[in-house]
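Inspection log for the structure reproduced underneath, given as structure tokens.
Since every read-out is calculated from the coordinates, none of them should be taken as a lab result. All values derive from a computational prediction rather than experimental measurement. Cβ placement follows ideal geometry from the backbone for every residue including glycine, while neighbour counts extend to all protein chains displayed.
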Amino acid sequence: MADEKGKSVQTTGHAWDGDLQEFNNPLPRWWLWSFYGTVVFAIIYWLIYPAWPIADSYTKGFGTVSYQSGGKEVTRHWNTRAELLQDLQSGSETLKQQAYLQKVAAASYDDIANDPEMSAFTQSMAKVLFADNCAACHGIGGSPARIGQYPNLRDDAWLWGGDIAQIEQTIEQGRNGFMPAFGEVLGDAKIEQVASYVLGLSGHQVDAAKAEAGRAIFQGQEGGCFYCHTTSGKGLPSQGAANLTDAIWTVADVPGAATDADRLKAVEAVIREGIQRQMPGWKGRLSTTEIKLLTAYVHSLGS
């Protein structure tokens, strides 16, 4: 056969039905160069990055990544973990974040609260810090799964005080929540009387005679409850003693009790067994700026 210019066309020699032939046309030049380019790219990639398995190891490649670890610069063969560490330390977004953190560190708490952009940045950063370090005890968003575990940070009832300075001190130094057990000291009858008095302080219906007897124990030397909870029952923030008059319960699950008898038993259990729980101090574990972010965030939860 011949084309319009009279040149013969090369075929592979295969023919079907006498006139159906297979042409042997060359591949397009762009396709060939693209193919050669992929070969060159593959060879370069194999040289730079980890690629081929060798026995129980693999080729490491010539590419390296440097990042800070333990105050020293460390250089490793390229891998995704090392690249992530480098990006977290010196990536463009990280540098922007660090610049804003310096701005927050230099600002006062009032400046942070009154600047919408700075406040939004603080909330965003602190939520992650809170989830990583605090949520295990205080729950996601500051609300524990149930009463009795750890204080609810959203109810504005602060055991150790809820202003900025007190919250910052709590996060930095930690707190020791302690109330002695009165089971062996008072006995069941007197514990019921004190529990009746405590429930009555927050407006619950109780046996008046038992509550009056409990008041004498609470306010007297036998129980000595007033030393921490004060004679009014409102508690001393310096001791982390709960306000017993506000109907906000941090240990006894009074709101979850179905009957008056169950509510009484819940309070009795706390008086009988006491309280021992500890919050660790985060100074030294978290940076000063991170503690500042958490302080602003926790303060906003209760306000």
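Quick one: angle between helix 208-219 and the longest Cα principal axis of the chain, in degrees between 0 and 90, rounded to 10, please. Its long axis makes an angle of about 80 degrees.
What FRET efficiency comes out for Gln166 versus Glu273 if R0 is 25 angstrom and r is the Cβ-Cβ distance? Round to the nearest 0.05. Walk me through the numbers before you get to the answer.
Values: r = 28 Å, r/R0 = 1.10.
E between Gln166 and Glu273, to the nearest 0.05, is 0.35.
Classified by the C-alpha gyration tensor, segment 168-216 has an oblate form. Its axis ratio a/c, with a ≥ b ≥ c, is 1.5 or above, and a/b does not exceed b/c. Largest mean-square fluctuation among Gln173, Gln21, Gln123, in a Gaussian network model of the chain whose springs join Cα atoms under 10 Å apart, belongs to Gln21.
Placing a pseudo-label 7 Å from each Cα along the Cα-to-Cβ vector at Asn176 and Phe62 gives an inter-label distance of 6.2 nm. Charges were assigned to the Cβ only: +1 to each Lys and Arg, -1 to each Asp and Glu. The resulting dipole of segment 176-279 about its Cα centre is roughly 260 debye.
Taking the Cα centre of the chain as origin, sum charge times position over the Cβ atoms of Lys and Arg (+1) and Asp and Glu (-1), and report the length of that vector in debye to the nearest 20.
With only Lys, Arg, Asp and Glu charged at Cβ, the dipole is about 700 debye.
Which whole-number percent is the relative contact order of the chain (Cα, under 8 Å, 6+ apart)? Worked out over the chain, it gives 17 percent. Here's the picture: a label point sits 7 Å out from the Cα of Trp78 along the beta-carbon direction, and within segment 43-59 the residues with their amide nitrogen under 15 Å of it are 43-52, 59.
When the Gaussian network model of the chain links Cα atoms closer than 10 Å, the mean-square fluctuations of Trp16, Trp31, Trp160 top out at Trp16.
Given the DSSP H assignment, sum -39500 (n - 2.57) over each helix run of at least 4 residues in the chain and divide by its residue total; what's the result at 222 nm in deg cm²/dmol, nearest 500? -15500 deg cm²/dmol, from helical runs alone.
Given springs between every Cα pair under 10 Å in a Gaussian network model of the chain, which of Ser69, Ser90, Ser196 has the largest fluctuation? Looking only at Ser69, Ser90, Ser196, the largest GNM fluctuation is found for Ser69.
Rounded to the nearest 10 degrees, the angle from helix 29-48 to the longest Cα principal axis of the chain is 50 degrees.
Counting neighbouring Cβ atoms within 10 Å and putting the fewest first, the residues His14, His204 line up as His14, His204.
Against the chain, whose longest principal axis is taken from its Cα atoms, helix 92-106 shows a tilt of about 20°. Using C-alpha pairs under 8 Å with a sequence gap of at least 6, the mean separation divided by the residue count of segment 170-243 gives a relative contact order of 19 percent. For segment 26-138, a crude dipole built from +1 on the beta carbon of Lys and Arg and -1 on the beta carbon of Asp and Glu, taken about the Cα centre, is about 580 debye to the nearest 20. Placing dummy labels 7 Å off each Cα toward the beta-carbon, the span from Asp155 to Ala136 is 2.4 nm. Extending 7 Å from the Cα toward the beta-carbon at both His14 and Phe41 defines two label points whose distance is 3.0 nm.
Phe178 sits among other residues whose Cβ lies under 13 Å from its own Cβ, and their net charge, with Lys and Arg +1 and Asp and Glu -1, is +1. A dipole drawn for the chain from +1 and -1 charges on Cβ atoms has a positive end, and of Gly63, Thr38, Leu294 the residue lying farthest that way is Gly63.
Given the convex hull over the Cα atoms of segment 176-279, what projected area results after averaging over all orientations, in nm²?
Its Cα hull, projected and averaged over all orientations, spans 6.0 nm².
Shape of segment 1-97 from its Cα gyration tensor (a ≥ b ≥ c, root eigenvalues): rounded if a/c is under 1.5, otherwise prolate when a/b > b/c, or oblate?
Prolate shape, in that a/c is at least 1.5 and a/b is the bigger ratio.
In summary, the lysines within cross-link reach of Lys103, defined as a Cα separation below 27 angstrom excluding same-chain residues under 8 places away, comprise Lys72, Lys127, Lys283, Lys292. When a/c is below 1.5 the answer is rounded, else prolate if a/b is larger than b/c, else oblate, so apply that to the chain with a ≥ b ≥ c taken from the square roots of the Cα gyration tensor eigenvalues. It is prolate, given that a/c is not under 1.5 and a/b is the larger ratio.
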